[in-house]
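Participant: Structure provided below as structure tokens; questions to follow.
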Amino acid sequence: MRKAVGIGGLRRKEADRLALSKKGNELAQREIEKLQEHITIMKANLEDFVREHQKEIRNDPMFRGQVQRMCQLIGVDPLVSRKGYMAELLGVGDFYCELGIQIIGICVATRSINGGLIELDDLQQRLIRRRIKGSEPIIEDDIKRAISQLKPLKGGYRIVTFGNRKMVQSISREMNPDNSTVLALAQYTCKFTVEDVRVGFEWDMNRIRSCIDDMLRSGIIWVDDYDAVQPEYWVPAFFSQMSGANLGS
Amino acid sequence: MTTTAASMDTEFQFPEIYNFPPFFTRQPNDSTWKEQRRMWCDLILSYYKYNNLSSMTLAEAVSDPLFNNKQIHRSLRVDTLREVVEELVKQGNACWTGPKNTRDACLIFWRKPEAWASIIHQWASENGMFNMVFTFFELANGDDTVEQEFHGLDPLTLRRALDVLQGQGKAQLFVGTSDEDIGVKFFHSS
């Protein structure tokens, strides 16, 4: 016999739905609580882990990167504050601070030759040479982090790109767009002439002249007047990397 | 210079900046030029030390390997070199020689006369040579000094060094008939 669906049946269904939904919420709530518990445990484990592997973290840049990413995944940024417990645990606060000081040292020492523009690779090589043998290896990522930590110093330290070349700029003034354009033109040859710029961008002579004068004034380029009619302008920051040269001692 | 292996390159090692073509052009930017000049000064002193050289005639020097990089076909101009030497003179690492105000020739002191003076005086002290008379020739070329760094030192630099000692009361010079005849007597510092 078929049971008719009456008002009572509908009410019962509604009650079931409510009960299920309540149960669902309870379950979800419990899941979240569980998850939070897990995260707390994970954080604690991570702390233990970091404490235990502090030496490896300092010595192995790949491992350091992985730990950093792990920290970020569970919402801990060890670099957010120098007082952060993770920074202290990781010893990374000191590490990047020390690296930042070395970066400043190199940028200042080479500024009179390169006008405050140094290729990232070149900087990395110099950092590696400068550091005591057996101290932590440096990778590009470390340099980027260290430079981002220098921001509050307002020294203008930042990473800029000209074409495919990644450079570290250490002068506070903004690079004029014309200068950047011309530098990108010179990225492979390390040099350019007035004619190269004229042909490349169809600028008038005044614009080219003032762009070159500006870069000469700031020491970003050097002039080579071997050809007195068509002098060449060289970018020491590019040359340094191209020849593996170590301009300046 | 001593080498540890026969295969080792004993040629003077030029710094990398030597292969940077604009290094041979006087830079118009003042602070770049000061750095460039400093690097030229350092290069000259280490090159002169390495090759144990002392005198320089500017017009001839610019075709020497030091100022003429054949690989990149660049050479320093005489007037730029003159500015560099002017700086060395200011630092006490060079002095102009030859007719006054011509600034065409100079003596490079890769070690300052003051430093030579104390080396020579120390030698005299350690070897009990006080109150004895030496000729310049004996000092620079005699058997007693063969082992010394100042053996073979050019007469002008030696003269400068001994003048310093005389000024300090640690030596007395006796003028003879020729430069090589000049005699010198060392004293304990007075």
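Participant: Go through the residues of segment B:81-92 one by one and say whether even a single one is closer than 30 Å to A:Ile220 by Cβ, open to solvent by 80 Å² or more (accessible area, probe 1.4 Å) and more than 14 Å from chain A (Cβ to nearest Cβ). Spell out how you get there, then give the answer.
Facilitator: Going residue by residue through segment B:81-92, those that are closer than 30 Å to A:Ile220 by Cβ are B:81-88, B:90-91.
The next check asks that each one be open to solvent by 80 Å² or more (accessible area, probe 1.4 Å); those that pass are B:90.
Imposing the further condition that a residue be more than 14 Å from chain A (Cβ to nearest Cβ) reduces the set to B:90.
Yes, there is a match, as at least one residue in segment B:81-92 is closer than 30 Å to A:Ile220 by Cβ, open to solvent by 80 Å² or more (accessible area, probe 1.4 Å) and more than 14 Å from chain A (Cβ to nearest Cβ).
To keep it simple, each residue is scored yes or no on (1) free of Cβ contacts under 8 Å to residues at least 24 places away in the same chain; (2) farther than 21 Å from B:Ser54 by Cβ.
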| site | (1), (2) |
| --- | --- |
| B:Trp116 | no, no |
| B:Gly142 | yes, no |
| B:Val146 | yes, no |
| B:Leu158 | no, no |
| B:Val175 | yes, yes |
| B:Ser178 | yes, no |
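Participant: Taking the options A:Val182, A:Val194, name whichever one is at pLDDT 85 or above, of a type in the set (A, V, I, L, M) and either open to solvent by 10 Å² or more (accessible area, probe 1.4 Å) or in contact with a Ser or Thr (Cβ under 8 Å, 6 or more places away or on another chain) (or both). Talk me through it step by step, then tell me what you get.
Facilitator: Details: A:Val182 fails: either open to solvent by 10 Å² or more (accessible area, probe 1.4 Å) or in contact with a Ser or Thr (Cβ under 8 Å, 6 or more places away or on another chain) (or both).
Exactly one residue qualifies, and that residue is A:Val194.
Participant: Report yes if some residue within segment B:143-150 is at pLDDT 95 or above, part of a helix (DSSP H, G or I) and more than 19 Å from the chain's Cα centre (by Cα); otherwise report no. Lay out the reasoning, then the answer.
Facilitator: In the first step, residues of segment B:143-150 are kept if they are at pLDDT 95 or above; the result is none.
No, that holds for no residue.
Participant: Residue under question is A:Leu153, and the condition is that it be surrounded by fewer than 14 Cβ atoms within 10 Å (Cβ to Cβ) and not charged (D, E, K, R); does it hold? If you could, list the steps in order and put the result at the bottom.
Facilitator: On the way: surrounded by fewer than 14 Cβ atoms within 10 Å (Cβ to Cβ): yes; not charged (D, E, K, R): yes.
Yes, satisfied.
Participant: While we're here: With the condition kept exactly as written, say whether any residue in segment B:132-151 is outside the structural domain of B:Thr57 (by TED's automatic domain parsing), buried (at least 18 other Cβ atoms within 10 Å of the Cβ) and within 22 Å of B:Asp42 (Cβ to Cβ).
Facilitator: The answer is no; no qualifying residue exists.
Participant: OK, next. List the strands (runs of 3 or more DSSP E) inside segment A:158-249, counting only whole elements, that have at least 2 residues being more than 14 Å from chain B (Cβ to nearest Cβ) and either in contact with a Cys (Cβ under 9 Å, 6 or more places away or on another chain) or over 25 Å from B:Arg74 (Cα atoms) (or both).
Facilitator: Passing ranges, in order: A:158-162, A:165-169.
Participant: So which strands (runs of 3 or more DSSP E) are wholly in segment B:1-118 and hold at least 1 residues that are over 30 Å from B:Gly169 (Cα atoms)?
Facilitator: Where strands (runs of 3 or more DSSP E) fall fully within segment B:1-118 and carry at least 1 residues being over 30 Å from B:Gly169 (Cα atoms), they are B:55-57, B:105-108.
Participant: In the set A:Ala237, A:Ala228, which member is open to solvent by 20 Å² or more (accessible area, probe 1.4 Å) and within 23 Å of B:Pro28 (Cα to Cα)? So that I can check it myself, show each step before the final result.
Facilitator: Details: A:Ala237 fails: open to solvent by 20 Å² or more (accessible area, probe 1.4 Å).
Sole residue among the options that is open to solvent by 20 Å² or more (accessible area, probe 1.4 Å) and within 23 Å of B:Pro28 (Cα to Cα): A:Ala228.
The values are calculated or read from the model by the stated rules, or taken from the named source; none is laboratory data. Everything numeric in this text was worked out from a predicted model, so none of it was measured. Every residue, glycine among them, receives a Cβ derived from its backbone with ideal geometry; neighbour counts consider all protein chains shown. Areas reflect the complete protein model, heavy atoms only, side chains present, ligands, DNA and RNA absent. Shrake-Rupley method; radii C 1.70, N 1.55, O 1.52, S 1.80 Å.
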